[in-house]
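Before any comments, here is the structure.
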Number of protein chains: 2
Amino acid sequence: MKAYKDRSKEELLTLKNELEAEYRKFQDLGLKLDMSRGKPSAEQLDISMGMMDVLNSATDLKCREGIDCRNYGVIDGIQEAKELLADLIEVPADKIIIYGNSSLNVMYDTVARSMTHGVMGSTPWCKLDKVKFLCPVPGYDRHFAITEYFGIEMINVPMTPEGPDMDMVEKLVSEDAAIKGIWCVPKYSNPQGITYSDETVRRFARLKPAAEDFRIYWDNAYNVHHLYEDDQDTILEILEECEKAGNPDMVYKFSSTSKISFPGSGVAAISASYNNLKDIKKQMAIQTIGHDKLNQLRHVRYFKNLDGIKSHMMKHAAVMRPKFEAVLNILEQELDGLEIGSWLKPKGGYFISFDALDGCARAIVAKAKEAGVVMTGAGATYPYGRDPHDSNIRIAPSFPPMDELIQATKLFVLCVKLVSIDKILESKQ
Amino acid sequence: MKAYKDRSKEELLTLKNELEAEYRKFQDLGLKLDMSRGKPSAEQLDISMGMMDVLNSATDLKCREGIDCRNYGVIDGIQEAKELLADLIEVPADKIIIYGNSSLNVMYDTVARSMTHGVMGSTPWCKLDKVKFLCPVPGYDRHFAITEYFGIEMINVPMTPEGPDMDMVEKLVSEDAAIKGIWCVPKYSNPQGITYSDETVRRFARLKPAAEDFRIYWDNAYNVHHLYEDDQDTILEILEECEKAGNPDMVYKFSSTSKISFPGSGVAAISASYNNLKDIKKQMAIQTIGHDKLNQLRHVRYFKNLDGIKSHMMKHAAVMRPKFEAVLNILEQELDGLEIGSWLKPKGGYFISFDALDGCARAIVAKAKEAGVVMTGAGATYPYGRDPHDSNIRIAPSFPPMDELIQATKLFVLCVKLVSIDKILESKQ
């Protein structure tokens, strides 16, 4: 297909008329579709229903150590839950703390604790004039929301196909002691589905931060969230790499079973060095008497081990894969060669990241919404909701049923075309 | 029985010899008993086992509003959980937020948020030179641990049989703008089991704090934790009283089902004015995507309504009542008239508060420990672990089985006698 930019004004105007008629047909359908959030579909949730039967009134609710999981106690998680989650995120079982239901909450608590109490004895960040975080972009809006909430200045770092721009990360981190952290989704990144290369991980581990309390916030959200059984990304284990590089305390690794079992009713965890865990436990002992051990037990008894999780995730993949492929097929069929947008083909995770022509993302999302399709807000993948190019749009294919997803994606490409034509016509004035 | 202080030195020395022989017999038993924490017993946990059967793989996991409780969403709790917990703590269902498993965590978060973000627009406490909390004493060690962790200065306020000394509370709160809160366990208080009188609650509601961001931290931990069906304390509802007094925003009311269903696997809540809830929700939206809705649903489907909770709590009472009575009987039989200790007879809650002669509490707890009985650490019921009289000891009768409880209490009174004799002999030198 001929690129839009190479078409004449007349050709574009004729096309625009046709596309507008198509758009009006969509509007007449009165659609109400949602492609905005990385939510599992009902079909995916059904996969985990067996978990509801694992514990019942006849079950022995003591964990392996003999502790009654129905009562208070065990602040950092029962041993078998530590082992399961440690295997999941590829760390030793003594370098993990099991939390409640939300890894986002763990990340929030980690930043909040640093604000009021510093990191392993450093000055509490609330006593500093300026605290900054590096934010690989496009990235996860809820990460950015946490740092914004605490008044932490966010600095954009562009993503490359290998991960964040490490030249920039190395330079900034080593020069500016106000930089205390960087948000990372290292595997099947949100929204691009990029997995950091070995070289990127090693460069992270070898960082020489100016701030002693600089930490890598390694959000391992999609570790086992593959789309394919035989074509999976792998990633170097960051704790081990940091240790090898002489930086054992430089990373917090976050994880949860939210998109493995039930979102909102899963089990979250943090993994870090002994020094960091000791620092964290000092706070935990004040904050709570302990997290939900029955739910920990439920997860362990259901999944049994990492193999159990892996085969479970292939059931998720069987639901997710056709959805990703449907969206990618439509993008390819409808947009290939037009030079009005680009996208990546992830092998896992929850999103497809679409880059429109500069200055078009907001208009595309607005136009889709007018016809009843809600996308993630344009700009959401950037700190402060400000995409400097107004270009990136996050597509979340998981939640809608297949027929709705196809309809929504068709409308989406139509909106991309319409907004792009206007943009190109503008430039031809 | 003749008071120890009125006995001669010789009488006391003879008695001491006898008691020491008795103590050695206890030591020979090699006991390992725990009366330290307010933990339900296994027998009590068994009462709630039916809860494990309420949800299974055949259950409809949509809540009344039609929301799939297995997925993300509903940040402040499903409607039926709000209604159940609101009924439990006697507030309207639209003035409540449902949290995770721990009300202690909600209290921690409330103080942490005030530190970093202030209260309804006030200056963040971490930006202030000095923040103070009033602490009715004796009180709950975990409350004091939170305020200590955040560097908040704690001021002791003596308890009376009607609640905290309100003359002192009124004076301090109205004069000192650095005082931002007061910790209260208003019903069956920890550790005394005192329920605040109507007059006390009304005086709380009518406080005129110098600080606009002063809040009453009303920890409704033992609202339905009665020992008797026909002899129960009642308390005025503080939110309503604050509203009537023109102070609608002055109170946070905390609650959980921890000692109703399963400690660690219950449901916690906060209740407050709309203005406060709005302030809190701003933070929650950053902190989490939502709490465990399946566990909320599990609680609602099991208890059904407040009557369900009330009849459930009578089963707890049937286990707790004989234990309280056993301890109180031993105290009475062994110590009445000796003038070496005093205690209250609570009608609910989890503790019996014992006041030894001044300067004896640490020695009594240490002596009990030497013979294998762990009590709550002396001083724990005071801020910074410092009981100025070294007098108060918290007895927690719930956890040990009856035979162990009796043995532990007998050892305890023996230790009280021995330490008191030494104290009195000292004064007779």
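The values are calculated or read from the model by the stated rules, or taken from the named source; none is laboratory data. Note that the structure is a prediction, hence the values are computed from the model and not measured. Cβ sites come from the backbone with ideal geometry, for glycine too, and all protein chains shown count toward neighbours. For accessibility, only protein heavy atoms count, side chains too; no ligands or nucleic acids. Shrake-Rupley method; radii C 1.70, N 1.55, O 1.52, S 1.80 Å.
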Filtered residues of the range B:228-238 (kept if surrounded by fewer than 24 Cβ atoms within 10 Å (Cβ to Cβ) and not polar (S, T, N, Q)): B:Tyr228, B:Glu229, B:Asp230, B:Asp231, B:Asp233, B:Ile235, B:Leu236, B:Glu237
Residue within the range A:210-229 that is within 17 Å of the chain's Cα centre (by Cα) and within 14 Å of another protein chain (Cβ to nearest Cβ) present: yes
Filtered residues of the range A:339-364 (kept if in contact (Cβ under 8 Å) with a residue 40 or more places away in the chain and assigned to a helix (DSSP H, G or I)): A:Ala363, A:Ile364
Test: B:Ser391 is touching an Asp or Glu at 6+ places or on another chain (Cβ under 6 Å) and either modelled with pLDDT of 95 or more or not β-branched (Val, Ile, Thr) (or both): yes
Index of the failed condition, A:Ala269 passing every other in (1) open to solvent by 10 Å² or more (accessible area, probe 1.4 Å); (2) touching a residue at least 40 places away in the same chain (Cβ under 8 Å): (1)
Selection count, the range A:69-89, where residues are touching a strand residue (DSSP E or B) at 6+ places or on another chain (Cβ under 9 Å) and surrounded by fewer than 19 Cβ atoms within 10 Å (Cβ to Cβ): 1
Residue check for B:Ser256: open to solvent by less than 10 Å² (accessible area, probe 1.4 Å), among the hydroxyl-bearing types (Ser, Thr, Tyr) and at pLDDT 95 or above: no
Among (1) more than 9 Å from chain A (Cβ to nearest Cβ); (2) surrounded by 19 or more Cβ atoms within 10 Å (Cβ to Cβ) - the single one B:Met51 does not satisfy: (1)
Matching entry among A:Asp219, A:Asp230 (being free of Cβ contacts under 8 Å to residues at least 12 places away in the same chain and not hydroxyl-bearing (Ser, Thr, Tyr)): A:Asp230
Qualifying residue in the range B:246-253 (condition: of a type outside the set (Val, Ile, Thr) and either assigned to a helix (DSSP H, G or I) or within 14 Å of chain A (Cβ to nearest Cβ) (or both)): no
Residue under evaluation A:Ala58, criteria (1) in contact (Cβ under 8 Å) with a residue 40 or more places away in the chain; (2) farther than 22 Å from A:Glu334 by Cα, criterion not met: (1)
Only one of B:Gly50, B:Gly38, B:Gly77 that is of a type in the set (Gly, Ala, Ser) and modelled with pLDDT under 95: B:Gly38
Which numbered condition B:Asp34 misses (of (1) open to solvent by 10 Å² or more (accessible area, probe 1.4 Å); (2) facing chain A (nearest Cβ under 8 Å); (3) within 20 Å of the chain's Cα centre (by Cα); (4) under 30 Å from B:Leu405 (Cβ atoms)): (2)
Flag for A:Ile78 being assigned by TED's automatic domain parsing to the domain that holds A:Asn295, β-branched (Val, Ile, Thr) and closer than 22 Å to B:Ser48 by Cβ: yes
Boolean, A:Ala112 is in contact (Cβ under 8 Å) with a residue 12 or more places away in the chain and either within 10 Å of chain B (Cβ to nearest Cβ) or touching a strand residue (DSSP E or B) at 6+ places or on another chain (Cβ under 9 Å) (or both): yes
Of residues in the range A:118-128 being surrounded by fewer than 24 Cβ atoms within 10 Å (Cβ to Cβ) and assigned to a helix (DSSP H, G or I), the one nearest to the other protein chains (Cβ to nearest Cβ): A:Cys126
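Does A:Phe262 fit the bill of being within 30 Å of A:Val54 (Cα to Cα) and among the hydrophobic types (A, V, I, L, M, F, W, C)?
Values: within 30 Å of A:Val54 (Cα to Cα): yes; among the hydrophobic types (A, V, I, L, M, F, W, C): yes.
Taking the combined requirement at face value, the residue satisfies it.
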Scan of the range B:37-48 for residues that are more than 10 Å from chain A (Cβ to nearest Cβ) and crowded, with 17+ Cβ neighbours inside 10 Å, ordered by number: B:Ile47
Residue among A:Val224, A:Val173, A:Val157, A:Val169 that alone is open to solvent by less than 20 Å² (accessible area, probe 1.4 Å), assigned to a loop (DSSP other than H, G, I, E, B) and of a type outside the set (Gly, Ala, Ser): A:Val224
